[in-house]
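Only the coordinates and a few stated rules stand behind these numbers; no lab work does. If you're wondering where the values come from, they're calculated on a predicted model, not measured in any experiment. All Cβ positions, glycine included, derive from the backbone under ideal geometry; neighbour counts span all protein chains shown.
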Amino acid sequence: MPLIPTPFNQAAGKAKSLLAERSVRAQIADASRGLEKAEVVLFFAEGPGQIYQLDTWLETFERLAGRGLDVGVVLMDALSARQALESTSLPLLFSRSMEQIEKQLAAMGTKAVCYVNNSQRNFTMLRFNGPAHIHLNHGESEKASMVSNQLKAYDYACVAGPAAVERIREAIPRFDLAHLVQIGRPQLDALVPNERSSKIRVLYAPTWEGDSQAMAYSSITTLGERILAQLQADDRFEVRFRPHPKTGDVSAEARKSIAALKSNYTALIDPTADAGQSLVWADVAICDISAMSYDAVALNVPLLLAGERDCKLRQGLPTDQLLGHANGLADRVAALAASGVSGRQKQLAQYFFATTEPGAATKKLDQLLRSV
C-alpha cells in the first residue's frame with residue numbers, strides 16, 4: 001500500500017490552525033458559546049481531518065445535556081473548534097495550553113473527561129488527577145485499533161458489549177476487566193425510521209484504507225467500482241455511497257480510487273449527515289469490517305460483509321451474507337432484502353451489544369457519567 005508523504009500536509013494544516021486561533025476565539029465569544037461550567041467534557045486534541053470521531057458523540061452528549069447533565073467540549077485545534085461551533089450547540093473551550101485547560105476544568109469541578117480516540121495527545125490530558133478519565137472510542141468493530149494497550153491508562157473504558165470484553169481479555173495481557181463498562185451504542189438511540197420505498201435501498205459504506213497493513217480493511221480499491229456499477233445499472237435499487245471521510249489520506253491507490261468513484265457516481269453520494277440514519281434508511285448494507293457493519297447488526301439491517309479478514313462477525317454470518325468477489329451482486333442483494341435479517345445476524349447483535357433496546361444505551365452512559 002503506497003504511502004503518501006504527509007509532513008508537508010501536516011505542517012500546512014498546523015499553520016492554518018495557528019492563523020485561525022484569534023478569529024476562532026472571537027467567534028466563540030461572539031456566539032456566547034464559551035464553556036463556563038461542565039460536569040463532563042468531551043476532549044478532542046486533533047485537527048479537522050479526524051473530527052468525525054468527535055462528531056460521532058456530539059448528538060448523544062446534546063441529549064445528555066437535555067437531561068440536565070452539564071456537558072462541554074474541549075478542543076486543542078482552532079480549525080476543529082470552528083467546525084464544532086457549527087456542528088453542535090454544546091459550549092466549547094478552545095486552548096492549545098494544557099495548563100489553561102486543567103486550570104479551567106479544576107475551577108469548574110469537572111468530574112469526567114471523555115475521549116473519543118486513541119490520540120497520543122490524550123495522554124497529556126490524562127496527567128490531570130481530578131476527574132475520572134473515560135475512553136469512549138468512536139464505534140464498535142474488530143479492527144486492530146480496538147484492542148490497544150492504551151486502554152489501561154483510563155479509569156473506565158466504555159465498550160459496546162460482551163464481544164468487546166472477550167476481545168480485550170484475549171488481546172491485552174494484564175488488563176483489569178473491572179475497568180470496562182458495557183453500554184451498547186448510544187448513538188443509535190435517536191435514529192428515526194424512514195418511510196418505505198418501492199425500490200430496494202442499498203447503502204455501500206466502505207471504510208478507509210488504514211495507516212498500516214494491520215488496519216487495511218477497505219474494499220474501495222478492490223470492489224468499489226464493481227459494487228456501484230452493478231447496483232446503479234439495476235432499476236430495482238436505490239443506491240447510496242458513503243465512503244469513510246479519511247479514505248485516501250494514506251494510500252495513493254485509495255486516493256485515486258475514491259476520486260474516480262466520487263466523480264463517476266456523484267449522484268449516489270450519501271446526503272445524510274448521520275451514519276446511523278443512513279443505515280436506518282437502507283434495506284441492505286454493504287460494509288467492510290468497520291463500525292458501520294456492526295451498527296447494521298445492531299439495527300437489524302441485513303448486512304453483506306466485504307473482505308476476507310477472519311473475525312467473529314465473519315464467522316457468525318451465513319455464507320450468503322459474505323460478499324466475496326461481488327459476483328451476481330444484484331440478485332444477491334435483492335434476495336437478502338426479500339429474506340430480511342437472518343437468525344444468525346440477530347444472534348450476533350446480542351453478542352456484540354449489551355443492549356439494542358432504544359434508549360437503554362444512553363441511559364447506561366448517563367448513569368456512568370453521573371456516578372463518577
Q: Of the listed values (1) -0.45, -1.24; (2) -0.64, -1.24; (3) -0.31, -1.42, grab the one calculated as log10 I(q)/I(0) by the Debye sum over Cα atoms at q = 0.07, 0.15 Å⁻¹ from the structure here.
A: (3)
Q. Amide H neighbours of Gln182 under 5 Å, counting only residues 5+ apart in sequence or on other chains, H built in-plane at 1.01 Å?
A. Val159
Q: Enumerate the amide H contacts of Lys111 below 5 Å, restricted to partners 5 or more residues apart or on another chain; note that Pro and chain-start residues carry no placed amide H.
A: Val40
Q: Report, by chain and number, residues whose modeled amide H sits under 5 Å from the one on Gly34, excluding near sequence neighbours (fewer than 5 apart, same chain).
A: Leu92
Q | Arg169 versus Asp211: modelled label distance in nm, points set 7 Å from Cα along the beta carbon direction | A | 3.1 nm
Q. Using θ = phi - 60° and the Karplus curve 6.51 cos²θ - 1.76 cosθ + 1.60, what whole-Hz ³J(HN,Hα) does each residue of segment 252-257 get, with Gly and Pro shown as x?
A. 5, 5, 5, 5, 5, 5
(Q) Between Lys363 and Glu225, what is 0.36 nm times their sequence separation minus the Cα-Cα distance? Round to one decimal in nm. (A) 45.5 nm
Q.
For the chain, what does the relative contact order come out to in percent, with C-alpha contacts under 8 Å and a separation of six or more?
A. 16 percent
Q: May I ask you to order 286-293, 303-310 by the average number of other C-beta atoms within 10 Å around their residues, highest value first?
A: 286-293, 303-310
Q) List the GluC sites (Glu not before Pro) in segment 122-201 that DSSP assigns to loop (not H, G, I, E or B) and whose Cβ has at most 14 other Cβ atoms within 10 Å. Which are they? A) Glu195
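Provide the gained length on full extension for the span Val372 to Asp155, in nm with one decimal, where the gain is 0.36 nm per separating residue minus the Cα-Cα distance.
77.1 nm
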Q. Expressed as an acute angle from 0 to 90° and rounded to the nearest 10, what is the orientation of the C-alpha long axis of helix 52-66 relative to the principal long axis of the chain?
A. 70 degrees
Q | Burial order of peptide ranges 28-36, 331-339, 346-354 (average beta-carbon count within 10 Å, highest first) | A | 346-354, 331-339, 28-36
Q: Rounded, prolate or oblate: pick one for segment 240-372, where a ≥ b ≥ c are the square roots of the eigenvalues of its C-alpha gyration tensor, a/c under 1.5 means rounded, and failing that, prolate if a/b is larger than b/c, else oblate.
A: oblate
(Q) Using each residue's phi in segment 26-36, evaluate 6.51 cos²θ - 1.76 cosθ + 1.60 at θ = phi - 60° and report the 3J(HN,Hα) Karplus result to the nearest Hz, with x for Gly and Pro. (A) 5, 5, 5, 5, 4, 8, 6, 10, x, 7, 10
Q.
Please compare each pair in Lys37/Lys152; Lys152/Lys364; Lys16/Lys103; Lys16/Lys256; Lys111/Lys364; Lys312/Lys346 to a cut-off of 23 Å on the Cα-Cα distance and tell me which ones are over it.
A. Lys37/Lys152; Lys16/Lys103; Lys16/Lys256
Q: Order these peptides, 52-60, 265-273, by their mean beta-carbon neighbour count within 10 angstrom, highest first.
A: 52-60, 265-273
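For segment 65-110, rounded, prolate or oblate, judged on the Cα gyration tensor with a ≥ b ≥ c (square roots of eigenvalues), a/c < 1.5 rounded, else prolate if a/b > b/c?
In terms of gyration-tensor shape, oblate.
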**Q.** In order through segment 362-372: 3J(HN,Hα) via Karplus (6.51 cos²θ - 1.76 cosθ + 1.60), integer Hz, x for Gly, Pro
**A.** 4, 4, 5, 5, 4, 4, 5, 5, 7, 8, 6
